[in-house]
Each structure stands twice: as C-alpha cells, then as structure tokens.
Amino acid sequence: MSDTVQALLLQHAERDTPGLKYGDQVRSWRDYLGESAARAHVLHAMADPGRPVHVGVLMQNSPEMAMAIAAGALGGHVTAGINTTRRGESLAADVRRADCQILLTDHRHLALLGGLDLGGATVVDTDDADWLKRVADAPRGTAGFPTVDAMDTFMLIFTSGTSGEPKAVRVANFMAVMSGATLADKFDLTTEDIVYSSMPMFHSNAILAGYAVHAHAGAALAPAQFSASRFLSDLRHYGATYLNYVGKPLAYLLATPEQPDDRDNPLRVAFGNEASDRDIEEFARRFDCTVWDGFGSTETAVIITRTDDTPSGSIGQPFDGVAVYDRDTRTECPRAVFDDLGRVTNLDEAVGELVNTTGAGFFAGYYNDEQATSDRLDGGMYWSGDLAYRDEAGFVYLAGRTDDWLRVDGENLAAAPIERVLLRHGAVSQAAVYGIPDADAPGDQLMCALVLRDGATLTPVDLQEFLSAQPDLSPKAWPKFVRIATELPSTATNKVLKRELRAQGTETTDTLFARSERGHVYRPEP
C-alpha cells in the first residue's frame, strides 16, 4: 500500500475516469492532476527554497481548493488550511503561525486580508488572469519534485477553536493515507464512486474522511458548500455515493420537511462525527443509506468507533490504549454504574478525560507551539480535553468538553448526557447545555439553547411534560433557563460555540423560558 498522498495520487495520473466534479465541470484524473502539478511548479518557482515551503489556502470548497491540496501532495510542499471564518488579527495570526510563504485566496476572500500583517506571505488571487496564465504555461508533469516520506507533513490543519485559540496540527502523509484506506476499504469505494465533500476543506474531517478517501479509491471528488436546501439536488446532480460530515449537518438536514422522494438518491454511505443517535437512525431511514458515526479529534490520537452492539447514548468502543482518566490523580476512572432508570449513580468519580495512555498515536504535534504540544502530551499520555465515562463493557459515553463539567446546586453535572435527553423531543433539532453564573450561590445555573425543526413549536407546558417523562433525567438536570433560538453560534465545522452562549446568558431577544425557583414549572420570561 502507498504510504504517502503523493504516491496515492500518482497511481491515478493516467486515468481518464472522472477525478473532480464541480457544477457542470468534470475533470478527468489526468487533467485534474496535470493542472495540480502545474500549480505546484508555479508555487515552487515563487517560493524561497531556503525556507520550508508552506502554502496557505484561504478559499471555499472549489476545484481551485482541491487542486491546491493536490499540488501540495504532488509537489512535496506543505499546504496550510486557513479558516475562512477567521477575521482580522486572528486570521493574520493563523497565517503567521503556519509560516506561510505564499497565501492562495480568491476574489471572495481577498478583501479579508487588507491591512493585515501576514508575516511577509505573498498573496495570490487565484481568480486573477495573471495566475491563470502562469498555471496554463507551466509543465503538467511531476519531474523535479521531491519525493516525500510517510511521516513528512502533508498539511497543517487548525483545530476548530471551540475551547481556545486554534492550533496548527501537523498532519503526516501516513495519517491521511491510513484514514483514506480504512474508510475506502470499509465501504467498498472504487473509481465508480463519487465523494461529496461539503465540509470545509481546511478542516480535518474533509481531508481525512473526504479527500483522503477520494485519493485512495480513485473516486471522483465533488467539493461543495453545505446547504440543507440544495443537499438532495446536489446528490442527484453529482451521482454522489459517499459523503463526510462533522458536527450538526445531519440535524440541519433532518430539520427540513420530509419529502416523498427523499429516498430517491444515489447515496450509499454517510460517514462522520458527532451526530446524535436519533439523527443517525433517522437520516439512514429517510435517505436510505448507511450512516457510520465515529469519534476522533483533528489530532487523531483518540479514536472510538461504533460496533453493532453499541448501546444507545454511547459513541462506541475505543482503540487500544484509549481510556478515561482523572487528570488530578493520573489514574483511570471507575466504570459508570447505572441504576434501574438508566441514570449514572457515580458520575463524580466515573467522569474523566479521554486519554491515549500509550502516547500521541498518529499525532505529530502542533506546529510552532511547543507549549500546547507539551500540554497535550502531559506525562507521556495524550490528553484530549474531552470528558467521558465508560460502562462495565467498556463502551464510551461523552460528557462534553472539560468546560462542560458543571456544578449545579452542589452537584456535578455533565452537559452531554442532558443534551442527549433533550434531543429525544421530536420538535428539537439541536440542543446545547451550558452553565451561566449563579447570582445567589457558588456554582452554575443550568441553561440550554434549543433549535426547533422547521415548523415545530414548543411551549413551556410541552417542555415540562416531556422532561417529567424522562426517567433517567436527574431532578438537578432540569435547565433553569431554556432559550428557543433560531440558530446556535458555531464554528465553520458546525461545532457549537458555547462560550458565546455563556457570554450572552439570558440577555437575548429569543424566546426564553424560566423554571420556577423550587419547582418544575416553566413560564415565559417577559
């Protein structure tokens, strides 16, 4: 098996089967890789060979984005995915942190760079006629490019930044190759398949679960921008058989009204992370496909996969070496004990941080951030920042991020189990549980923000009756405040930014319910 993305792509260089689809454009693998090689030649001519050749890419999913990534793989330089939702100094800091010599962008994003200190990076507008002419005049072969090794960095991909400033993960060639091979083989993907990738290609999910799959299988790639309203028409237009997702896309799609012909589509497999049990089951039924949801961070040091016997609420069984540890004592947490109603009776001691006890796994460290790398690898183990607990059979249940461990009325509560309960309500599309300061006592007041399905309603009485009927919901886990939001603040990869919700607290124009001080009655807040 090839152990670099460069070698994978070169296997397809003489293919005349579709390699890249966008709108009504179809490029064969031969043309797609030839155009990508031409871009690599132009970039290498521009770069200072005495410095690491890092090329930043600030653009939306498009053929130019896909060819920039292929150019890096073929040319042996490092591509840095730059988050298109970052602004001002935060955006500039990412470009500097990644040591970009060149920054590729387009007309749409060029204006974001005005007046910023990019550390001397040369900005290239890929929509500009001069760039297009230079590419058209460049060689389309790969002669002269360095040969890369398996552990050489393929891309720098920034973390999503839900719990602090994003960090640039060094994604090795081998990491991408292994991910692509595992998924392509698992789902029997071939050159006849179409990989629909609507997650932003500056993020690890799009690269490891989309681009790498396309490169291994020789399947065509259809880069797109996610849209719930265009989803089915896109699948049908491209003939898409496989898609990757991360965060809430399945919930967004399921919030739209069901149509009689939803099952009339070519999709066979949806693979991704962080969907709820309900959304996994409902998406598979509604769109007649297999949905396989796993768990893994950008760093890929902690990997958990579902098995056929995974119980409801669990994300599956961890890979060898992955465990739940108490960070203070550096010991493994006891397994969770459930009562007859399904509640965890020893939450305080069972919840800990997901770790890789054997070290970093495939994680090669953060680029230009030794302190962050050291923090992650504290004591020779990888600490993920994700809270979880395990049952007696070893299945893992997420409890949230480390800042999702709440102290309410003297009791520790985890956000994720409460969110899973709220998502059982048929009107609820998305749920975020978080703490806001308790003005009258130490600790938190429990608050949640809910997004409803299109056309759905939820009254205070409806919510009270629903929560009363959930036997595994602790009385302390009833939210004090319930916000009915039209949308939740999120990253470009659909991860909820709870820090923004916490900062807003009850200061919102959205509909707000409040629970009575010592009871379970909800009333609208004026």
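The values are calculated or read from the model by the stated rules, or taken from the named source; none is laboratory data. Keep in mind that what you see is a predicted model, and the values were worked out from it rather than measured. Heads up, the Cβs are rebuilt from the backbone with ideal geometry, glycines too, and the neighbour counts pull from every protein chain shown.
Assorted remarks:
- Of all residues in segment 382-404 being crowded, with 20+ Cβ neighbours inside 10 Å and among the hydrophobic types (A, V, I, L, M, F, W, C), the one that is nearest to P311 (Cα to Cα): F395
- Contacts under 6 angstrom Cβ, first residue in segment 482-505 being basic (K, R), partner crowded, with 19+ Cβ neighbours inside 10 Å and assigned to a loop (DSSP other than H, G, I, E, B), 6 or more apart: K495/S160; K495/G247
- Sole exception among (1) over 27 Å from E500 (Cβ atoms); (2) touching a strand residue (DSSP E or B) at 6+ places or on another chain (Cβ under 9 Å) for P471, by number: (2)
- Residue within segment 439-462 that is surrounded by fewer than 21 Cβ atoms within 10 Å (Cβ to Cβ) and under 30 Å from F319 (Cβ atoms) present: no
- Only one entry in V344, V337, V355 is touching a Lys or Arg at 6+ places or on another chain (Cβ under 9 Å) and either of a type outside the set (G, A, S) or within 30 Å of D462 (Cβ to Cβ) (or both), namely V355.
- Within segment 236-255, one or more residues are β-branched (V, I, T), touching a Lys or Arg at 6+ places or on another chain (Cβ under 7 Å) and either under 21 Å from D193 (Cα atoms) or not in a strand (DSSP E or B) (or both).
- All of D149, D117, D99, D137 fail the test of being more than 27 Å from Q225 (Cβ to Cβ) and buried (at least 20 other Cβ atoms within 10 Å of the Cβ), apart from D99.
- Looking at segment 93-193, the helices (runs of 4 or more DSSP H) lying wholly inside it that each contain 2 or more residues that are out of contact with any Phe, Trp or Tyr (no Cβ under 7 Å at 6 or more places or on another chain) and more than 14 Å from V57 (Cα to Cα) sit at 129-137, 173-186.
- When restricted to residues that are at pLDDT below 90, of a type in the set (S, T, N, Q) and in contact with a strand residue (DSSP E or B) (Cβ under 7 Å, 6 or more places away or on another chain), segment 276-314 contains 4.
- Boolean, D409 is in contact with a helix residue (DSSP H, G or I) (Cβ under 7 Å, 6 or more places away or on another chain), touching a residue at least 60 places away in the same chain (Cβ under 8 Å) and either under 22 Å from A485 (Cα atoms) or hydrophobic (A, V, I, L, M, F, W, C) (or both): no
- Among the residues making up segment 38-62, those that are in contact with a Pro (Cβ under 7 Å, 6 or more places away or on another chain) and within 23 Å of S204 (Cα to Cα) are N61, S62.
- Just so you know, in segment 467-504 the residues that are touching an Asp or Glu at 6+ places or on another chain (Cβ under 7 Å) and crowded, with 17+ Cβ neighbours inside 10 Å include one that is nearest to S204 (Cα to Cα), and it is A485.
For every residue, the table says whether it meets (1) acidic (D, E); (2) surrounded by 20 or more Cβ atoms within 10 Å (Cβ to Cβ).
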| position | (1), (2) |
| --- | --- |
| L232 | no, no |
| R236 | no, no |
| Y242 | no, yes |
| P249 | no, yes |
| E258 | yes, no |
| P266 | no, no |
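- In segment 61-89, the residue that is nearest to C100 (Cα to Cα) out of those that are polar (S, T, N, Q) and either part of a strand (DSSP E or B) or modelled with pLDDT under 95 (or both) is T79.
- All positions within segment 465-492 that are of a type outside the set (A, V, I, L, M, F, W, C), assigned to a loop (DSSP other than H, G, I, E, B) and closer than 21 Å to A399 by Cβ: Q470, P471, D472, S474, P479, K480, T491
- One residue from L112, L103, L156 being over 16 Å from G72 (Cα atoms), touching a residue at least 12 places away in the same chain (Cβ under 8 Å), assigned by TED's automatic domain parsing to the domain that holds A70 and among the hydrophobic types (A, V, I, L, M, F, W, C): L112
- Among the residues of segment 361-381, the ones that are outside any loop (DSSP other than H, G, I, E, B), crowded, with 16+ Cβ neighbours inside 10 Å, touching a residue at least 24 places away in the same chain (Cβ under 8 Å) and of a type outside the set (F, W, Y) come to 2 in all.
- Of all the criteria given as (1) more than 30 Å from Q445 (Cβ to Cβ); (2) out of contact with any Ser or Thr (no Cβ under 9 Å at 6 or more places or on another chain), the one not satisfied by A350 is (1).
- Residues of segment 328-360 satisfying the condition of being assigned to a loop (DSSP other than H, G, I, E, B) and under 12 Å from D386 (Cβ atoms): V351
- Residue within segment 315-337 that is at pLDDT 90 or above and among the basic types (K, R) present: yes
- Every residue from segment 405-417 that is crowded, with 23+ Cβ neighbours inside 10 Å and either in a helix (DSSP H, G or I) or modelled with pLDDT of 85 or more (or both): A415, P417
- Sole residue being out of contact with any strand residue (DSSP E or B) (no Cβ under 7 Å at 6 or more places or on another chain) and more than 26 Å from H12 (Cβ to Cβ), chosen from A71, A92, A98: A92
- Applying the criterion of being within 17 Å of L406 (Cα to Cα), in contact with a strand residue (DSSP E or B) (Cβ under 6 Å, 6 or more places away or on another chain) and outside any strand (DSSP E or B) to the residues of segment 423-451, the residue that is modelled with the highest pLDDT is D438.
- Some residue of segment 273-283 being more than 30 Å from L341 (Cβ to Cβ), outside the structural domain of E353 (by TED's automatic domain parsing) and out of contact with any helix residue (DSSP H, G or I) (no Cβ under 9 Å at 6 or more places or on another chain): no
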